[in-house]
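Beneath this line is the structure, given in structure tokens, with notes to follow.
The values are calculated or read from the model by the stated rules, or taken from the named source; none is laboratory data. Since the structure is predicted, the reported quantities are computational estimates derived from the model, not experimental observations. Cβ atoms come from the backbone with ideal geometry, glycine included; neighbour counts cover every protein chain shown. SASA here: full protein model, heavy atoms, side chains in, ligands and nucleic acids out. Shrake-Rupley method; radii C 1.70, N 1.55, O 1.52, S 1.80 Å.
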Amino acid sequence: MRYAVLITGPAGAGKSTFTSSFLNHLAASRRTAHLVNLDPAASSTSFEFEPVIDIKDLVSLEDVMGELNYGPNGGLVYCFEYLLQNMDWLEEELGGYDDDYLIFDCPGQIELYTHHPFLPTLVQHLTRMGIRTSAAYLIESQFMEDKYKFFSGVLSAMSAMVNLEIPWINIMSKMDLVKSNPEDPSGGARNGFRGQRNVARYLDPDPLLLASARGQEENTANPRFHALNQAIVQLIEDHPLVSFLPLDLTSSDSLETVISHIDYTMQYGEDEEPKEPHDLDEGDFQDME
């Protein structure tokens with residue numbers, strides 16, 4: 001059984017950094033894993049591990065922008081349309097990996113997850129190839145600094161979940177930036193220290209963070225947004241799909257917890273047969289005969 005994890009989320013959420021840590025953890029656990037780059041704009045220097053499959057070998061954003069005079073967003077859409085027209089290329093590239101863990105590093109344009117059919121179509125192809133697929137959606141802890149920005153992230157995560165329809169987890173990345181730093185003489189954190197109870201209201205989104213009585217908004221100059229906020233609160237309460245796992249890459253326990261949740265969502269290893277160790281008749285075991 002082959003497994004695929006789509007690492008998704010907005011630009012700057014830490015997808016590539018998480019992907020590298022993910023691959024390092026799997027390698028330390030003696031699990032075979034490979035990086036697949038689906039970002040046609042990614043620089044080769046941005047990867048700690050060299051991708052075994054790179055969309056830039058098929059089409060690159062730089063070439064599309066230069067030859068067709070498209071902007072970045074239009075060029076990215078064109079690249080994914082071109083990929084879907086050439087899925088035989090991807091299927092051929094993936095054909096050489098059996099019983100492997102494939103990590104797909106995806107672009108940071110969230111409209112690809114929420115509005116376009118590109119990734120759902122890709123997921124359908126992967127499923128047809130017998131690859132068990134899940135996704136992780138990252139937003140960074142800085143979203144907690146602005147409750148309106150945070151709930152826009154919640155809604156984008158909800159939209160992407162509904163659009164892709166695969167096993168899914170949401171991750172609050174860069175959590176090391178919202179806790180106290182013992183090495184910092186001020187004891188502060190870059191994004192401001194938050195108590196455990198306060199953080200919990202964001203990890204399991206509390207709609208009441210957004211709901212405030214009329215006249216009690218932080219910005220009373222915009223009371224017309226009160227009805228909109230109430231409608232969003234009602235939507236989140238009616239469809240409580242989104243919760244976040246905290247990710248602090250300075251903590252191995254935090255990383256291991258997130259990876260174990262990803263494994264669980266796609267039932268990693270449940271169909272695997274026991275394998276005979278390669279060194280059963282040699283190495284450490286040869287004196288046992």
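Roughly how many percent of the accessible protein surface of segment 66-179 is carbon and sulfur, given a 1.4 Å probe and a whole-percent answer?
Taking all protein chains in place, segment 66-179 shows 47 percent carbon and sulfur surface.
With +1 on each Lys and Arg Cβ and -1 on each Asp and Glu Cβ, how big is the dipole of segment 67-110 about its Cα centre, in debye rounded to the nearest 20?
Computed charge dipole of segment 67-110: roughly 400 debye.
Measuring from label point to label point, each 7 Å out along Cα→Cβ, what is the N73 to L235 span in nm?
Inter-label distance under the simple model: 1.8 nm.
For a quick size check, give me the Cα extents of segment 1-125 along its three principal axes, largest first, whole Å.
Principal-axis extents of segment 1-125 (Cα, largest first): 45, 30, 25 Å.
Let's see if you can work this out: charge +1 on each Lys and Arg Cβ, -1 on each Asp and Glu Cβ, no other charges. What is the dipole magnitude of segment 1-85 about its Cα centre, in debye to the nearest 20?
540
Report S173's accessible area, 1.4 Å probe, all protein chains in place, as a number in Å² to the nearest 10.
Counting only protein heavy atoms, S173 exposes about 0 Å² to solvent.
Could you give the length gained by full extension between S46 and D204, i.e. 0.36 nm per residue of separation minus their alpha carbon distance, to one decimal place?
Computed gain between S46 and D204 is 53.7 nm.
What does the charge add up to near F47, with Lys and Arg as +1, Asp and Glu as -1, over the other residues with Cβ less than 15 Å from its Cβ?
Net charge in that neighbourhood comes out at -4.
Taking Cα pairs under 8 Å and at least six residues apart, what relative contact order does segment 22-120 come out at, in percent?
For segment 22-120, the relative contact order is 35 percent.
Quote the FRET efficiency, to the nearest 0.05, computed for Q124 versus D98 with a Förster distance R0 of 22 Å and r equal to the Cβ-Cβ distance.
According to the calculation, E is roughly 0.60.
Restrict the search to segment 11-57; then list the trypsin sites (Lys or Arg not before Pro) that DSSP places in a loop and that have at most 10 other Cβ atoms within 10 Å of their Cβ.
On the way: sites: K15, R30, R31, K56; in loops: R30, R31.
Answer by residue number: R30.
Given a 1.4 angstrom probe, what's the average accessible area per residue across segment 1-100, in square angstrom?
Working: 4820 Å² over 100 residues.
Here the residues of segment 1-100 average 48 Å² of exposed surface.
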